[in-house]
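The values are calculated or read from the model by the stated rules, or taken from the named source; none is laboratory data. Keep in mind it's a predicted model, so treat the numbers as computed, not measured. Cβ coordinates were reconstructed from backbone atoms using ideal geometry, including for glycine residues, and neighbour counts include every protein chain displayed. Each accessible area value is taken on the protein alone, full model and side chains, heavy atoms only, with ligands, DNA and RNA left out. Shrake-Rupley method; radii C 1.70, N 1.55, O 1.52, S 1.80 Å.
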Amino acid sequence: WDIATHAVALLWSGKELQDFKLGDPTCLGLGTDDKGRLYFISNQCNKSKTPVVNEVTIFRTEPWTGPGSWTKPKPWFRTAYNFGVGPYNHGVNHIAQGPDGLLYVSSGSRTDGGETGQSPNYDKSGENPLTAKLWRLDPRSENPDIEVFAHGLRNTYHFTWDHAGHLLGVENGTDADTPEELNHIELGRHYGFPYEFGDWTKKPYPYTPDAPKGLQFVGPFKNVGPDANDRGGSTTFTPHSSPSTILELGPDWPAPLGNSFLITRFGNYLKGQSGFDLVQARLDFAKKEAVVTTVAAPLARPISMITLPGHRLLIAEYCRGNSLAAGTSTPGRLIILEPK
């Protein structure tokens, strides 16, 4: 998509790349590296196997050298794990290169909250060693191994690094009204799932497992207001608001956005719906607190966001419906937020 002219050109079709006999693909992750290679991630539910398996493929192009240089991507990395027991297979989604040159990949949970499920063809062991994690892969390798960078992340749908090198990720909570989180993610740390949820002292479900003895958890940023958290406590966002993207804006951005973070919230169609907006967060790392204010609302299911030259933001809306009555089948759009 050409930013200046809005001209659209098809690079390739999924049917050119994947075996659709394995199942319909869900492609969630998209990113580039410092060599100009494009990566995208496919999850396919393979029902021909028992138990049913999620086939994960990371595709990669050749380096970008100009228009036409991104030829058809090839599979670069493959792995698989048993598919989720219900509608909670969050899949392997966001991919981005870190300041250390390595690729970071979010692998969402395969359960809502650690349940075992009832379907005979699906694995009943709760989470998997590869799920609810943040992986790290080496782009210099043609056959990379998975390094688990952090644990206990239910679905870190997007993450970013700030100017000081902090890795920050936005997290979706469970159907049991557990909070949504903004986490400072560090190597080897555990962020609670499926044992602990924000400041909750009770278990969200009867089947919520007990935490292994001695395992310590890292809590999220506490939202001290004034917006985006109607429950209070040591949580970041209102349950079900589904934060989907976080970006840092530097000091060169015009007031009041400079030196802060912007976060899109995808929203939900449940009773007491929340999200459907763009919020600003000013973070205090010493106190682990966030001052959160609304920038734009309502938006219609904002699912991704990038910065453009000229202090502009490009926001992708998944669809135009911000209520159940409007539905999810309405077309999405790209919108640009720019200074006056």
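Take the cross-link list 49/124; 202/271; 49/72; 35/72; 21/49 and give me the ones stretching past 20 Å between alpha-carbons. Violating the 20 Å Cα-Cα cut-off are 202/271; 49/72.
Between residue 207 and residue 286, the distance separating the two model label sites (each 7 Å from Cα on the Cα→Cβ line) works out to 4.6 nm. In sequence order, region 188-196 has phi-based couplings of x, 7, 10, 10, x, 5, x, 9, 9 Hz under the Karplus curve 6.51 cos²θ - 1.76 cosθ + 1.60, θ = phi - 60°, and Gly or Pro positions carry x. Of the peptides 240-246, 64-70, 21-27, the ranking by mean beta-carbon count within 10 Å, highest at the top, reads 240-246, 21-27, 64-70. Using the Cβ-Cβ distance between residue 230 and residue 175 with R0 set to 25 Å, the FRET efficiency works out to roughly 0.90.
Averaged per residue, what accessible surface does the chain expose to a 1.4 Å probe, in Å²? Please list the in-between numbers first.
Working: 16280 Å² over 340 residues.
That works out to 48 Å² for each residue.
Taking all Cα pairs closer than 8 Å and separated by 6 or more residues, the relative contact order of the chain comes to 9 percent. The stretch between residue 146 and residue 71 holds 24.4 nm of extra length on full extension. This uses 0.36 nm per residue minus the Cα-Cα distance.
Comparing Cα centroids, region 141-177 and region 286-340 end up 21 angstrom apart.
In this rough spin-label picture, where each label sits 7 Å from Cα along the Cβ direction, the residue 26-residue 307 distance is 3.1 nm.
When the charge dipole of region 197-340 is built from unit charges on Cβ atoms (+1 for Lys and Arg, -1 for Asp and Glu) and taken about the Cα centre, the candidate among 233, 223, 251 whose Cα reaches farthest toward its positive end is 233.
Which order do the peptides 109-116, 3-10, 196-203, 330-337 come out in when sorted by mean C-beta neighbours inside 10 angstrom, highest first?
Highest-to-lowest ranking by the protection proxy: 109-116, 196-203, 330-337, 3-10.
Modelled spin-label separation between residue 325 and residue 34, with each label point placed 7 Å from Cα along the Cα-to-Cβ direction: 5.3 nm. Ignoring ligands, DNA and RNA, what percent of the 1.4 Å accessible area of region 103-207 is carbon and sulfur? C and S fraction of accessible area: 45 percent.
Seen through its C-alpha gyration tensor, with square-root eigenvalues sorted a ≥ b ≥ c, the chain comes out rounded because a/c lies under 1.5.
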